[in-house]
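S.K.: Below: one structure in structure tokens.
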Amino acid sequence: MRRGQITLFIILGLVFVIIVSLTLYLIDVQQREQENAALSALDRAPILKDDCEDGTKNGQCGKDRPLQCRNGVMKPMCSDCGCPTNELCNVDGTCKGRAEQAKSNFTFYILPVGYAPDDREFLLRAEVLKAGMFATMPFTDENFVIVENTYPDGDCLTITRGFDRHVQEWLQKQTGHGLSGVRFEDGIPLYSYRIIGISEQPQDEARCGCAHSLMYSPNVFVGGSSCGFSPHVVLHELGHTIGLCDEYDTCVYDETNKYMSQGFGHPCLNGKPTADNSDCTDICCSKDAACCDGRFADKKTDGFFNIMGSGDVPPSRRLNSQTQAVFWVYFCGKFGVCP
Amino acid sequence: MRRIIVLLALILLSTIVVAQDTALLVDITFLPDGSARFDDVQATFAGIDHESGKPLADGIKMEVDGTTYYQTYVPVTFVLMDARERMPEMGVTRRLPYFGNRGGIIITHDDKTVASFDLAQLCNNDGRCDRFENGISCPADCEIRVADKVCLPIQDGGCDPDCGQGLDPDCGKRAEPAPLSLYLFGVMMVLVALYWLYYLFWRR
């Protein structure tokens, strides 16, 4: 055979192979689609409705809670029929005794607010935040979870209200479990998690600050302004969620201390900034800004200020010994995050 | 790679988050004038908030036939730390124990009822999966195959669209066609075999 004939033969052969393969493949795709359609139809099959042998009508609750007649069979259905006293309705319809909340480990859920979960800036900020935590307490990577579901940006003052539900729904979808419940010690709520929402939106600092939180709340909001990128700002907010008050204004401290005593039955866990232990005097802020850097960590000569002071850098910030002790009592003592 | 790490972290987390029950996820808004409103109430799978015995101005009670079986308190301050303004309202999410759709939830301020929620709203048996209903509180209206934001990862004969990948045992692998490359390889092998047979019997 001539070379041209051989080449033609090879080309025709390849075309033949491709055509036959494609045909077989398309036939297979069609068959699978038909099978899937049949499967879906089977999923939607109508349910036969029958009464039960003991005379309970279909859909009605039986004498023994939580049993309900469903298509001729008595099945536990506590959502409809309720449970005996002091028993909880379980997810599979049965009832069980009230489970004690276990003392679990501690988890930080880092929530992208406005950011896409794979946004480079968001992930970088999350890493900086984690590094700040690692330097403070013996947390490991296992204590941190990036929430892969964006929370919509919004008004900085009310944005934290939906963090809990947002993370609950995402977590429940991914694991089947939700967030842990809160337990109380002498009226103090102890959440075994924190949701740290990191926003991409540079908000009005005079109105919203760099970041904010509520005392003993599980939610922390970190804004998109440049000061929100500092790890010590997140530690400052974390301090609020474990009972530490602001140290950048003596009047703000006094006000917080008052409602802490009224609301939780104990004062701030850190001391008041004074002329001796801080660069503050007995002044009140008259502007929308911090009055002073706050308390020293731990001496004036150290060159460091405590993280519960203002967000300004410089001066350098770290946890002073009192704040460090509060962190240890909370995370190690309450949640077992110990070395 | 990052997805794998997240998945591993979540699997680890699911072993840590223990002793969870069916809870009522309750969103409440408190206002400075002492009033409050329910924003949402849904049965879900989560840890339950323990009761707080220390009395505060704002409280949550759960009652059936006038008998209180759960009571807790909520510190409401409207003071957002480090923000320069007070919050116009305060939203909280609580996880209350779920005992079924009987009774109600009551919010109190200084021992006066300021808002109430009838738990019968969690299931009205009208054949539609309505606002407060889902597969836990109202399986009659919200079939397992209906998306209702709550994943029931149990073997119940239906694939729950609210569950993440690999969580619901009923969500088996759907029939997937074999890759095209497999067919190409198969046909080429057949051709090689035919040519070999041709060479073996014909050319000789």
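The values are calculated or read from the model by the stated rules, or taken from the named source; none is laboratory data. All of these numbers come straight from a predicted model, not from anything done at the bench. Quick reminder, even Gly has a Cβ in these numbers, built from the backbone with ideal geometry, and neighbours come from all protein chains shown.
S.K.: Looking only at helices (runs of 4 or more DSSP H) that lie completely in the stretch A:227-339, which have at least 1 residues being of a type in the set (Ser, Thr, Tyr)?
M.R.: Where helices (runs of 4 or more DSSP H) fall fully within the stretch A:227-339 and carry at least 1 residues being of a type in the set (Ser, Thr, Tyr), they are A:250-264, A:321-327.
S.K.: While we're looking at this one, here's another question. Return only the number of the condition from (1) at the interface with chain A (Cβ under 9 Å from one of its Cβ atoms); (2) surrounded by 17 or more Cβ atoms within 10 Å (Cβ to Cβ); (3) in contact (Cβ under 8 Å) with a residue 24 or more places away in the chain that B:ILE106 does not satisfy.
M.R.: Of (1) at the interface with chain A (Cβ under 9 Å from one of its Cβ atoms); (2) surrounded by 17 or more Cβ atoms within 10 Å (Cβ to Cβ); (3) in contact (Cβ under 8 Å) with a residue 24 or more places away in the chain, only one is false for B:ILE106: (1).
S.K.: Look at the stretch A:165-185 and say how many of its residues are under 11 Å from B:GLY164 (Cα atoms) and more than 7 Å from chain B (Cβ to nearest Cβ).
M.R.: Residues flagged as under 11 Å from B:GLY164 (Cα atoms) and more than 7 Å from chain B (Cβ to nearest Cβ) within the stretch A:165-185 amount to 2.
S.K.: Continuing with this model, one more query. Can you tell me which residues in the stretch A:125-152 are within 21 Å of A:ARG318 (Cα to Cα) and not in a loop (DSSP other than H, G, I, E, B)?
M.R.: Selection gives A:ARG125, A:ALA126, A:GLU127, A:VAL128, A:LEU129, A:LYS130, A:ALA131, A:GLY132, A:MET133, A:PHE134.
S.K.: Okay, next question. Given the residues A:PRO66, A:PRO76, which is the only one that is modelled with pLDDT of 80 or more, more than 10 Å from chain B (Cβ to nearest Cβ), surrounded by 12 or more Cβ atoms within 10 Å (Cβ to Cβ) and within 40 Å of the chain's Cα centre (by Cα)?
M.R.: Result: A:PRO76 is the single residue among A:PRO66, A:PRO76 that is modelled with pLDDT of 80 or more, more than 10 Å from chain B (Cβ to nearest Cβ), surrounded by 12 or more Cβ atoms within 10 Å (Cβ to Cβ) and within 40 Å of the chain's Cα centre (by Cα).
S.K.: Among the candidates B:ILE154, B:ILE144, which residue alone is within 11 Å of chain A (Cβ to nearest Cβ), modelled with pLDDT under 85, out of contact with any helix residue (DSSP H, G or I) (no Cβ under 9 Å at 6 or more places or on another chain) and part of a loop (DSSP other than H, G, I, E, B)?
M.R.: None of the others qualify; the one that does is B:ILE154.
S.K.: Moving on. Of all residues in the stretch A:49-62, how many are within 10 Å of A:MET74 (Cβ to Cβ) and not acidic (Asp, Glu)?
M.R.: 4
S.K.: Now, a different point. Quickly run through the stretch B:115-141 and pick out the residues that are aliphatic (A, V, I, L, M), at pLDDT 95 or above and buried (at least 18 other Cβ atoms within 10 Å of the Cβ). Spell out the reasoning first.
M.R.: First, the residues of the stretch B:115-141 that are aliphatic (A, V, I, L, M): B:115, B:119-120, B:122, B:136, B:140.
Now narrow it down to the ones that are at pLDDT 95 or above: B:115, B:119-120, B:122.
B:LEU119, B:LEU122, listed by residue number.
S.K.: Please go through the stretch B:73-110 and give me each residue that is in a strand (DSSP E or B) and touching a His at 6+ places or on another chain (Cβ under 8 Å), ordered by number.
M.R.: The answer is B:MET81, and nothing else.
S.K.: Let me ask something else. Looking at (1) in contact with a Leu (Cβ under 9 Å, 6 or more places away or on another chain); (2) modelled with pLDDT under 95; (3) surrounded by 16 or more Cβ atoms within 10 Å (Cβ to Cβ), which one does B:SER52 not meet, given that it meets all the others?
M.R.: (1)
S.K.: While we're here: Return only the number of the condition from (1) surrounded by fewer than 22 Cβ atoms within 10 Å (Cβ to Cβ); (2) within 15 Å of the chain's Cα centre (by Cα); (3) within 9 Å of chain B (Cβ to nearest Cβ); (4) modelled with pLDDT of 90 or more that A:ASN149 does not satisfy.
M.R.: Going through (1) surrounded by fewer than 22 Cβ atoms within 10 Å (Cβ to Cβ); (2) within 15 Å of the chain's Cα centre (by Cα); (3) within 9 Å of chain B (Cβ to nearest Cβ); (4) modelled with pLDDT of 90 or more one by one, A:ASN149 breaks only (3).
S.K.: I would also like to ask the following. Is one or more of the residues making up the stretch A:259-274 in contact with a Ser or Thr (Cβ under 7 Å, 6 or more places away or on another chain), hydrophobic (A, V, I, L, M, F, W, C) and within 17 Å of A:GLY187 (Cβ to Cβ)?
M.R.: Yes, the conditions are met somewhere in the stretch A:259-274.
S.K.: Within the stretch B:119-136, is there a residue that is in a strand (DSSP E or B) and β-branched (Val, Ile, Thr)?
M.R.: Within the stretch B:119-136, none of the residues are in a strand (DSSP E or B) and β-branched (Val, Ile, Thr).
S.K.: Further question: Tell me which residues, restricted to the stretch A:174-191, are surrounded by fewer than 20 Cβ atoms within 10 Å (Cβ to Cβ) and under 24 Å from B:THR44 (Cα atoms).
M.R.: A:PHE184, A:LEU190
S.K.: Just wondering, is there one or more residues in the stretch A:321-339 that are of a type in the set (Ser, Thr, Tyr), within 27 Å of the chain's Cα centre (by Cα) and modelled with pLDDT of 80 or more?
M.R.: yes
S.K.: How do the pairs read when you match residues in the stretch B:146-172 that are acidic (Asp, Glu) with residues anywhere that are outside any loop (DSSP other than H, G, I, E, B), using Cβ under 7 Å and keeping only pairs 6 or more apart or on different chains?
M.R.: Between residues of the stretch B:146-172 that are acidic (Asp, Glu) and residues that are outside any loop (DSSP other than H, G, I, E, B), the close pairs are B:ASP162/A:LYS173.
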